[in-house]
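Colleague: Below is a structure I'd like to ask you about.
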Amino acid sequence: MKKLRIAYARVAQETNAFSPVHTELADFHRTHWLEADALHRATDRFGYEARGFIRNAELSGFRRAVRQHGAGRVEAIPLFSAWAIPGGPLSRACFDALRDRLVADLRAAGPLDGVMLSLHGAMGAEDTVDPDGDLLRAVREAVGPDVKIAVSLDLHAQITEQTEAYADVISAYRTNPHRDHVSTGFRAGKMLIDALLGRTRPTVAWRTLPMVMGGGLTLDFLQPMRGVFRMMRRFDKLPGVLDSSLFMCHIWNDHPNLGWSVHVVTDGDQALADRLADDLAEAAWGVRHHGLPTPPSASEAIAKVRAATGRRRIGTACVCDVSDVVGAGAPGENPRLIQALLDEASDLLSFAPIRDAEVVEALWDRPIDSLVSTDVGGKLQPELNAPLHVSGRLARKVTLEGFDRVVLLDLGHVQLAVTEGAPLVMKPAFYRALGLNPWKADICVVKSLFPFRLYFLAENRLTIYAKTEGVTDFDLVRRFEMAHPVFPMAELDDWRPVDRIRRHVA
Ligand SMILES: [Zn+2]
C-alpha cells in the first residue's frame with residue numbers, strides 16, 4: 001500500500017509589537033535551526049528537539065503520533081524547524097525568507113497528503129498584522145486545497161480568519177506556563193493522521209472573545225482559569241469530540257482584533273462543535289473581571305525581600321521586572337530595577353542581567369580584574385531607557401549559548417551580567433555559568449514571566465513581580481487601535497456581537 005506523505009516544519013516566534021529591535025534570521029539561527037535529516041533525528045524517539053530549551057517539543061509529539069497511529073502507513077518528511085526567542089517583529093526580509101523557504105521546501109518534497117506545522121501564533125512582522133495567517137495561506141497555495149494542514153499553536157496565539165480558513169485542524173497548549181509541547185504536537189498529528197486515513201472527519205467551530213487579561217491570571221492550574229481548563233478535559237471524554245483549544249492571546253500583539261478565542265474539533269458533528277465552542281467561550285468570558293493586584297515598585301519589591309529574612313536564609317528571592325520581560329519580547333536593557341538595587345539595597349546581594357552589546361564589545365579584550373566605569377543599557381530604546389552609570393571590577397568573561405558573550409561586572413552588592421544577546425534569564429544555570437551561586441544571593445533577577453518558577457524551584461523561596469516602566473507593561477494594550485470594543489478597555493456584557501462581526505457571520 002502506498003504510504004501517506006506528511007511534511008512537517010516549524011516557524012515560531014512570539015513578538016512584542018512595542019520592541020524596536022527587529023527579529024532577524026540570525027536570531028532564529030542563534031536560538032534553534034534544524035533542517036531535513038537533522039530535524040528528523042532531533043524529533044526521533046531518542047532525539048533532542050530544541051537543545052538548551054526543551055528536550056522534546058511539538059514535532060517530537062507529531063512523530064510519536066506517526067509511530068502510534070500511522071505506523072507503516074505514514075511517511076513523515078522533515079522540512080526545517082526555525083524557532084527564535086521572543087523579541088520585536090520579524091523584519092520584512094526575515095519573514096519573506098522563512099515563508100519562501102517553507103514554500104520551496106514543500107514544493108521540493110513532492111506530492112503530499114498532509115502538512116504538520118508547529119507555529120506560535122503570536123508572531124509579528126513588518127507590514128502585516130497576521131504573519132502566521134499569511135504563512136498558512138502561502139502553505140495552502142503551495143499544496144492546494146486537497147492536502148490537509150494541521151497546526152499546533154501556543155495558547156497565546158491570535159486566532160484570525162486566515163488561521164481558520166487555511167488550517168484543517170488546530171491544537172493548542174493546554175498548560176501555562178507551557179509544559180505540554182509534546183502532547184500538543186501529538187494531538188494535532190493524530191487528528192491529521194486519523195483524518196487522512198479516513199477514520200475521522202474533523203469538523204470545526206471557533207469563537208472570538210473581545211477580552212484581554214494580564215498574564216498573571218492565566219495559569220492553567222490556578223483560579224480563575226482552572227475551571228475552564230477542566231472543562232476542556234471534560235470535553236475530551238465526550239463521544240465525538242476530537243479536541244478543544246482556548247487561546248488567551250499575547251497582549252503585546254498589535255492585531256486589530258486582539259483577544260481570546262476558542263476552537264473545538266469534533267468528528268463530523270457541526271452542531272456539537274458549535275455548542276461546545278459556545279460553552280467554552282461563555283466560561284472563558286466569565287473570568288474577565290478578575291483583576292491583578294498592582295505590582296510593587298522596585299523599591300517596594302526590595303523592601304519585601306528585606307523583610308523575608310527567614311526565606312533568604314534558606315534560598316533566594318526571584319524578582320521579575322514585569323516591565324522588562326525578555327520572555328515576553330522585551331529587549332532586556334531596562335536599567336531601572338538595577339538602579340534601585342544599587343541605590344537602595346546595599347545590605348542585599350543581588351544578581352542581575354542587562355543587555356548591552358556595546359559594553360560587552362568594549363570590555364571583551366580587557367583583562368580580568370580591570371576597573372570598569374561605564375554606562376549600561378538604554379542603547380536600543382533610548383527614548384524609554386536612560387543609560388545607567390556603573391563602576392566596578394571586570395570579574396568574568398564567558399560565551400553562553402543563547403546569550404552570546406557575557407561579561408560579569410562586580411559592583412559590590414550587585415553582580416551585573418552584561419549580555420551581548422537578549423538576556424532571557426530564567427535558569428539558575430545562567431548565574432552558575434558566571435561563577436555565581438544563586439543560593440548565596442538575596443535576589444536573583446529573572447527575565448521570564450513564568451518558566452523561571454519551574455527552573456528555580458529548588459533555590460527560590462520568594463517570587464516577586466515588580467513593575468518599572470517598559471514594553472511589557474500590561475497597560476500598553478490600551479494604546480492599540482482596536483477595530484472593535486475590547487474588555488477591559490470597554491465595558492462589555494456580551495461577547496457575541498463583536499464575535500459575529502469579527503468572524504463575519506450574520
Ligand atoms: Zn505562550
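Colleague: Evaluate the stretch 368-376: report whether one residue or more is within 31 Å of the chain's Cα centre (by Cα) and among the acidic types (Asp, Glu).
Modeller: Yes, some residue in the stretch 368-376 is within 31 Å of the chain's Cα centre (by Cα) and among the acidic types (Asp, Glu).
Colleague: Does any residue in the stretch 165-187 that is at pLDDT 95 or above come within less than 6 Å, Cβ to Cβ, of a residue that is within 15 Å of the ligand (Cβ to nearest atom) and part of a helix (DSSP H, G or I) six or more places away or on a different chain, and which pairs are these?
Modeller: Ser171/Thr184; Tyr173/Thr184; His181/Glu58; Thr184/Glu58; Gly185/Glu58
Colleague: Given the criteria part of a loop (DSSP other than H, G, I, E, B) and outside the structural domain of Glu126 (by TED's automatic domain parsing), does Met231 qualify?
Modeller: No.
Colleague: Can you name the strands (runs of 3 or more DSSP E) wholly within the stretch 1-83 that have at least 2 residues being among the β-branched types (Val, Ile, Thr) and more than 16 Å from the ligand (Cβ to nearest atom)?
Modeller: Answer list for the stretch 1-83: 74-83.
Colleague: Another question, if that's okay. From Asp132, Asp154, grab the single residue that is out of contact with any Asp or Glu (no Cβ under 9 Å at 6 or more places or on another chain), within 16 Å of the ligand (Cβ to nearest atom) and at pLDDT 95 or above.
Modeller: Exactly one residue qualifies, and that residue is Asp132.
Colleague: Name the single residue, out of those in the stretch 203-218 being modelled with pLDDT of 90 or more and surrounded by fewer than 21 Cβ atoms within 10 Å (Cβ to Cβ), that is nearest to the chain's Cα centre (by Cα).
Modeller: Val204
Colleague: Mind counting the residues in the stretch 160-181 that are within 16 Å of the ligand (Cβ to nearest atom) and surrounded by 23 or more Cβ atoms within 10 Å (Cβ to Cβ)?
Modeller: 6
Colleague: Out of (1) within 16 Å of the ligand (Cβ to nearest atom); (2) more than 30 Å from Pro497 (Cβ to Cβ), what's the single condition that is false for Thr218?
Modeller: (2) is the only condition that Thr218 fails.
Colleague: Right, next: Residue check: is Gly421 surrounded by 15 or more Cβ atoms within 10 Å (Cβ to Cβ) and either within 30 Å of Leu371 (Cβ to Cβ) or free of Cβ contacts under 8 Å to residues at least 24 places away in the same chain (or both)?
Modeller: For Gly421, the condition - surrounded by 15 or more Cβ atoms within 10 Å (Cβ to Cβ) and either within 30 Å of Leu371 (Cβ to Cβ) or free of Cβ contacts under 8 Å to residues at least 24 places away in the same chain (or both) - is met.
Colleague: Can I ask one more? Could you tell me which of the residues Ala340, Ala301, Ala283 is within 30 Å of Val204 (Cα to Cα), within 31 Å of the chain's Cα centre (by Cα) and in a helix (DSSP H, G or I)?
Modeller: Residue meeting the stated conditions: Ala283.
Colleague: Could you tell me which of the residues Thr419, Thr399 is in the same structural domain as Leu380 (by TED's automatic domain parsing) and more than 22 Å from Asn334 (Cβ to Cβ)?
Modeller: When all the criteria are applied, what remains is Thr399.
Colleague: Would you confirm whether any residue within the stretch 227-248 is away from the ligand (no atom under 16 Å from the Cβ), modelled with pLDDT of 95 or more and of a type in the set (Ser, Thr, Tyr)?
Modeller: Scanning the stretch 227-248 turns up at least one residue that is away from the ligand (no atom under 16 Å from the Cβ), modelled with pLDDT of 95 or more and of a type in the set (Ser, Thr, Tyr).
Colleague: Taking Gly315 as the residue in question, decide whether it is surrounded by 14 or more Cβ atoms within 10 Å (Cβ to Cβ) and within 23 Å of Leu436 (Cβ to Cβ).
Modeller: Yes, satisfied.
Colleague: Could you identify the single residue in Gly124, Gly114, Gly189 that is within 16 Å of the ligand (Cβ to nearest atom) and either surrounded by 21 or more Cβ atoms within 10 Å (Cβ to Cβ) or closer than 16 Å to His250 by Cβ (or both)?
Modeller: Gly124
Colleague: OK, next. Output the residues belonging to the stretch 434-471 that are assigned to a strand (DSSP E or B) and charged (D, E, K, R).
Modeller: Arg461, the sole residue that qualifies.
Colleague: Then there's this: Among Gly329, Gly268, which is the only one that is within 16 Å of the ligand (Cβ to nearest atom), at positive phi and not polar (S, T, N, Q)?
Modeller: Gly329
Colleague: In addition: Any chance you could count how many residues in the stretch 49-64 are surrounded by 24 or more Cβ atoms within 10 Å (Cβ to Cβ) and either over 18 Å from Val151 (Cα atoms) or aliphatic (A, V, I, L, M) (or both)?
Modeller: Number satisfying all stated conditions: 2.
Colleague: List pairs: first residue in the stretch 235-252 and free of Cβ contacts under 8 Å to residues at least 60 places away in the same chain, second residue assigned to a loop (DSSP other than H, G, I, E, B) anywhere in the structure, Cβ distance under 8 angstrom, at least six positions apart or on different chains.
Modeller: Correct list of pairs: Gly240/Gly268; Gly240/Asp269.
Colleague: Further question: Quick test of your reading of the structure: Ser370 fulfils all but one of (1) free of Cβ contacts under 8 Å to residues at least 60 places away in the same chain; (2) closer than 21 Å to Leu341 by Cβ; (3) not hydrophobic (A, V, I, L, M, F, W, C). Name the failing condition by number.
Modeller: (2)
Colleague: Filter the stretch 460-483 for residues that are surrounded by fewer than 16 Cβ atoms within 10 Å (Cβ to Cβ) and more than 19 Å from Cys320 (Cβ to Cβ) and give the result.
Modeller: Scanning the stretch 460-483 gives Arg478, Arg479, Glu481, Ala483.
The values are calculated or read from the model by the stated rules, or taken from the named source; none is laboratory data. Given the structure is predicted, the values throughout are model-derived calculations rather than measurements. Note: ideal-geometry Cβ built from the backbone for every residue, glycine included; neighbour counts use all protein chains shown.
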